[in-house]
1. Just the residues that are over 30 Å from residue 64 (Cβ atoms), modelled with pLDDT of 95 or more and assigned to a loop (DSSP other than H, G, I, E, B), please, taken from the range 306-343.
2. Among the residues of the range 157-206, count how many are without any contact (Cβ under 8 Å) to a residue 40 or more places away in the chain, farther than 21 Å from residue 134 by Cα and not in a helix (DSSP H, G or I).
3. Would you point out which residue out of 241, 281, 257 is surrounded by fewer than 21 Cβ atoms within 10 Å (Cβ to Cβ), in contact with a strand residue (DSSP E or B) (Cβ under 6 Å, 6 or more places away or on another chain) and either modelled with pLDDT of 95 or more or more than 26 Å from residue 88 (Cβ to Cβ) (or both)?
4. From the residues in the range 119-156 that are touching a helix residue (DSSP H, G or I) at 6+ places or on another chain (Cβ under 7 Å) and part of a loop (DSSP other than H, G, I, E, B), which one is nearest to residue 167 (Cα to Cα)?
5. I need a count of the residues in the range 177-193 that are surrounded by 14 or more Cβ atoms within 10 Å (Cβ to Cβ) and in contact with a helix residue (DSSP H, G or I) (Cβ under 9 Å, 6 or more places away or on another chain).
6. If you check residue 337 against the conditions, is it free of Cβ contacts under 8 Å to residues at least 40 places away in the same chain and under 23 Å from residue 242 (Cα atoms)?
7. Looking at (1) more than 21 Å from residue 269 (Cα to Cα); (2) surrounded by 21 or more Cβ atoms within 10 Å (Cβ to Cβ), which is the only condition residue 98 fails?
8. Quickly run through the range 54-82 and pick out the residues that are over 20 Å from residue 323 (Cβ atoms) and out of contact with any helix residue (DSSP H, G or I) (no Cβ under 9 Å at 6 or more places or on another chain).
């Protein structure tokens, strides 16, 4: 090998090492972005209404119930498992929203993931009220994109752009490094295929620097999005799946493709009072189920812990204060969230 050739190869080697070093540096920076400050968020439902505010009952009558009547236990006949300690409320009532945000702040919850079903619908209108109240609170709001509209891919693109245009820069919206965050529910995930979701994200991200977290355990889909989560692990709980192992594998799956990893916990679950043919019940065991799932989720070292739910009263998964449980689950959440964030 002559001297000129040797010097040429040496220069190429140096150039390659420099490029490799830059790639490794970029990769480490991405990891730092993913390993962001730990957060606790809870799923939140803005579908409730009472006649005094919205002109009629919304959702409290779920499963054929009649809130104007009294049941055999002496409570209003709600389509719920437990009963709100402050009575039924309206998701458009600023006073009720302020109370919820105050409770969340006290419990160490950083954000609420609000159900969202379409432009101009009841939940969309209530979202505006919630965001305006969240502007004055440290607790911020994002949306849970529940369902793909009839026009499919184009409809999702339009919905995401609508959300980001109208709410993404609102001071009450949940962001990471000024980037608005949107969660996508499993039903919606299943209504488009992988290629369609890739196209949706491509079109939306060409205009908006947003973060999308998918409800899926598919590594392929998680790799398309910015993170993964599970809405509700109740099926795993009642099947007595090893939750230590489940959380660990899910977090590792997200990390393997460099994405945000979420672990979801529940206080319990009981959908036996809303007329479902097949009911599911996960006993709260006086808070022991909640504490156990938190410990196992925290052990897996996720970026965020999600709570199902703050106020899904129909399925009995709420941590909002109730006549039956008082403030037990807010108290537990405060203790557990503090431990998670300061570990």
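The values are calculated or read from the model by the stated rules, or taken from the named source; none is laboratory data. Everything quoted here is computed from the prediction, not taken from an experiment. Every residue, glycine among them, receives a Cβ derived from its backbone with ideal geometry; neighbour counts consider all protein chains shown.
1. 327
2. Residues in the range 157-206 being without any contact (Cβ under 8 Å) to a residue 40 or more places away in the chain, farther than 21 Å from residue 134 by Cα and not in a helix (DSSP H, G or I): 2 in total.
3. Being surrounded by fewer than 21 Cβ atoms within 10 Å (Cβ to Cβ), in contact with a strand residue (DSSP E or B) (Cβ under 6 Å, 6 or more places away or on another chain) and either modelled with pLDDT of 95 or more or more than 26 Å from residue 88 (Cβ to Cβ) (or both) holds for just one of 241, 281, 257, which is 281.
4. Checking each candidate, the answer is 119.
5. Number of matching residues: 7.
6. Taking the combined requirement at face value, the residue does not satisfy it.
7. (2)
8. 55, 56, 64
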